[in-house]
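K.L.:
Sharing a structure, written as structure tokens. Questions coming.
The values are calculated or read from the model by the stated rules, or taken from the named source; none is laboratory data. This structure is a prediction, so every number in the text was calculated from the model and none was measured. Cβ placement follows ideal geometry from the backbone for every residue including glycine, while neighbour counts extend to all protein chains displayed.
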Amino acid sequence: MEKYIIAVDMDGTLLNSEDKISERNRNVLQRLIDDGHYVVPATGRTRELIPREFSVLRGVKWGIVENGCVVWDYDKNEMIWRKTMPKGMVSKILKDVENSDAKGWIAEVYANGIAYSDADARDYVASVADKDLLEKTFVDYFLSRHVYVKDFYHQKDILDQAEKINIYFEDMETSRALREKWKDLDDVAVTTSISGNAEFNAAGVDKGVGLAMLRTKLGIDRMHVIAFGDNENDLEMLEGAGIGVAMGNSKQYVKDAANEVTGDNDHDGVAEFLERFFGL
């Protein structure tokens, strides 16, 4: 059988509602790797924030991370593609949010593959962790494997190296309004992956671009690419794959953009499709 690239989003796709990877999903992906296929995490997260459960898979060679800003070579432990934000752009976005009426927002920046945020934001998240004010999955995510810096939102030396910025808001409407305000700028791209967040990359960069870079490097025909996703930041990847698969928990516009729809992320939708497609 021809080798396939199997590009798999994390949040809302491979990860269930508890931020875990099921045994069934893990076993199916391992079998396909063992059969010679390329299983590739394709995520908005930086590589350091991919769940450790994914790292138990043996033979993962490539990663598409930070919404396609970085393509990672696991064997050589280096970036083979990287696109940063224009200098000054992250500071401009943060200043815009600071000067707005937005309440209760938190930001993180990915720079050189490291997730940075503000020390005060860490303390706030930690203080409300037991009060059910934030989802446990977000708390666990935000308090792990970040570098926390005092007065981070004004640290130009870090911000100017950023590949990506995430801003999390208390309500979806504030996120939507910010994305709408910034969506038509020529030098920045904005999307979302979970409720209430806004994600900024350099213009012209998305998971579809990262997937195309990797596919070209590996000499894999587009029709031998399967991509799984569930949200807005997966659209270009689903459309750029030979077979784009939307999760059952996806919004309708994501399902409309896909070739196939599988089960939801709490019922092993990734494994369900792959078992059927490869006759496992």
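K.L.:
Which condition does Ile194 not pass, out of (1) assigned by the TED database to the domain that holds Gln161; (2) more than 16 Å from the chain's Cα centre (by Cα), if it passes all the others?
P.N.:
Single failed check for Ile194: (2).
K.L.:
For the stretch 157-176, how many residues meet the condition of being exposed (fewer than 15 other Cβ atoms within 10 Å of the Cβ) and out of contact with any Gly (no Cβ under 8 Å at 6 or more places or on another chain)?
P.N.:
If we filter the stretch 157-176 for residues that are exposed (fewer than 15 other Cβ atoms within 10 Å of the Cβ), which is where we start, we get 157, 171-173, 176.
Retained after the next criterion (residues that are out of contact with any Gly (no Cβ under 8 Å at 6 or more places or on another chain)): 157, 173, 176.
The qualifying residues number 3.
K.L.:
Quick one: in the stretch 156-195, of everything that is without any contact (Cβ under 8 Å) to a residue 24 or more places away in the chain and part of a loop (DSSP other than H, G, I, E, B), which residue is nearest to Tyr124 (Cα to Cα)?
P.N.:
The extreme case among them is Ser195.
K.L.:
Here is a further query. Please count how many residues of the stretch 40-52 are surrounded by fewer than 16 Cβ atoms within 10 Å (Cβ to Cβ) and either without any contact (Cβ under 8 Å) to a residue 24 or more places away in the chain or touching a Leu at 6+ places or on another chain (Cβ under 9 Å) (or both).
P.N.:
Of all residues in the stretch 40-52, those surrounded by fewer than 16 Cβ atoms within 10 Å (Cβ to Cβ) come to 48, 52.
With either without any contact (Cβ under 8 Å) to a residue 24 or more places away in the chain or touching a Leu at 6+ places or on another chain (Cβ under 9 Å) (or both) added as a condition, the list becomes 52.
Counting residues in the stretch 40-52 that are surrounded by fewer than 16 Cβ atoms within 10 Å (Cβ to Cβ) and either without any contact (Cβ under 8 Å) to a residue 24 or more places away in the chain or touching a Leu at 6+ places or on another chain (Cβ under 9 Å) (or both) gives 1.
K.L.:
Now a separate question. Determine if the stretch 69-84 includes at least one residue that is crowded, with 23+ Cβ neighbours inside 10 Å, of a type outside the set (Val, Ile, Thr) and not assigned by the TED database to the domain that holds His154.
P.N.:
yes
K.L.:
Here are Glu78, Glu2, Glu48: which of them is within 17 Å of the chain's Cα centre (by Cα) and at pLDDT below 95? Don't jump to the end; show me each part of the working.
P.N.:
Numbers: Glu78 fails: within 17 Å of the chain's Cα centre (by Cα); Glu2 fails: within 17 Å of the chain's Cα centre (by Cα).
Unique residue meeting the criteria: Glu48.
K.L.:
Only one residue in Leu143, Leu218, Leu211 is more than 14 Å from the chain's Cα centre (by Cα) and closer than 30 Å to Leu238 by Cβ, so which one is that?
P.N.:
Details: Leu143 fails: closer than 30 Å to Leu238 by Cβ; Leu211 fails: more than 14 Å from the chain's Cα centre (by Cα).
Answer to the selection: Leu218.
K.L.:
Considering only the stretch 5-39, how many residues are farther than 22 Å from Gly248 by Cβ and either buried (at least 23 other Cβ atoms within 10 Å of the Cβ) or of a type outside the set (Lys, Arg) (or both)? Walk me through it before giving the result.
P.N.:
Residues of the stretch 5-39 farther than 22 Å from Gly248 by Cβ: 5, 30-31, 33-38.
Imposing the further condition that a residue be either buried (at least 23 other Cβ atoms within 10 Å of the Cβ) or of a type outside the set (Lys, Arg) (or both) reduces the set to 5, 30, 33-38.
Counting residues in the stretch 5-39 that are farther than 22 Å from Gly248 by Cβ and either buried (at least 23 other Cβ atoms within 10 Å of the Cβ) or of a type outside the set (Lys, Arg) (or both) gives 8.
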